[in-house]
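Inspection log for the structure reproduced underneath, given as structure tokens.
Readers should treat all values here as calculations from the given coordinates under stated rules, not as data from a laboratory. Since this is a predicted model, take the numbers as computed values, not measurements. Every residue, glycine as well, gets a Cβ built from its backbone with ideal geometry; the counts of neighbours run over all protein chains shown.
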Amino acid sequence: MKKLVVVLALLVAQPATALAGGYKNEPDGFRGVKWGTELSSRKDMQRLAQDKNGNVYYKRRNDKMHFADASLKMVWYREHHHQFESVYIESRGTDNQSSLLAALNRQFGPGARASRSAEKYLWDGPTTRIFVSCDASHTCTVVLMSKKLLLEENQQQGKATGE
């Protein structure tokens with residue numbers, strides 16, 4: 001859970017200017033679940049955890065644990081204020097890293113390199129932001145997030161902290 005919070009913080013911190021014009025095949029959710037859906041109302045979702053900010057994490061029963069040729073270690077769906085806001089995906093291993101990055105580039109076009117020193121990529125469209133981070137141990141984290149709900153959450157957090 002700690003790693004998820006760090007990745008989400010990095011995602012929020014990425015500049016919105018990268019690929020601001022969008023990218024091809026921009027999704028409006030993930031695997032048929034549209035952004036804003038109340039996940040608790042879906043019978044195929046199993047509640048996993050709730051963080052201190054009230055975000056609830058789910059996994060989908062019988063979810064496919066692959067993305068193209070890459071095997072996935074986990075797929076978590078995040079609900080913020082009863083709305084599906086983001087999905088957190090993790091894969092491990094050199095072959096999975098290569099397959100995952102190749103599949104994302106085929107589906108969405110080339111992502112903007114978010115870091116020169118690390119394997120980090122960003123696809124930023126009007127509806128969905130996708131952030132990929134791969135570490136030295138070849139663990140890749142992919143976060144797809146609703147742009148609209150991300151902006152709303154940032155505004156709420158700013159009001160709560162007085163910023």
Simple spin-label model, 7 Å along Cα-to-Cβ: Ser71 to Ala103 in nm? 1.3 nm
How much length, in nm to one decimal, is gained on full extension between Arg61 and Lys148, taken as 0.36 nm per residue of separation minus their Cα-Cα distance? 28.7 nm
Formal net charge of residues neighbouring Ser146 (Cβ-Cβ distance under 15 Å; K, R +1; D, E -1): -2
With the Cα gyration tensor of segment 67-109 giving a ≥ b ≥ c as the square roots of its eigenvalues, does the rule (a/c under 1.5 for rounded; else a/b larger than b/c for prolate; else oblate) give rounded, prolate or oblate? oblate
If r is the Cβ-Cβ distance from Lys52 to Lys24 and R0 is 35 Å, what FRET efficiency results, to the nearest 0.05? 0.40
For peptides 111-123, 127-139, 59-71, sequence by mean Cβ density within 10 Å, most packed first: 127-139, 111-123, 59-71
Cβ neighbours within 10 Å, averaged per peptide: list 80-89, 39-48, 100-109 in order, most packed at the top. 80-89, 100-109, 39-48
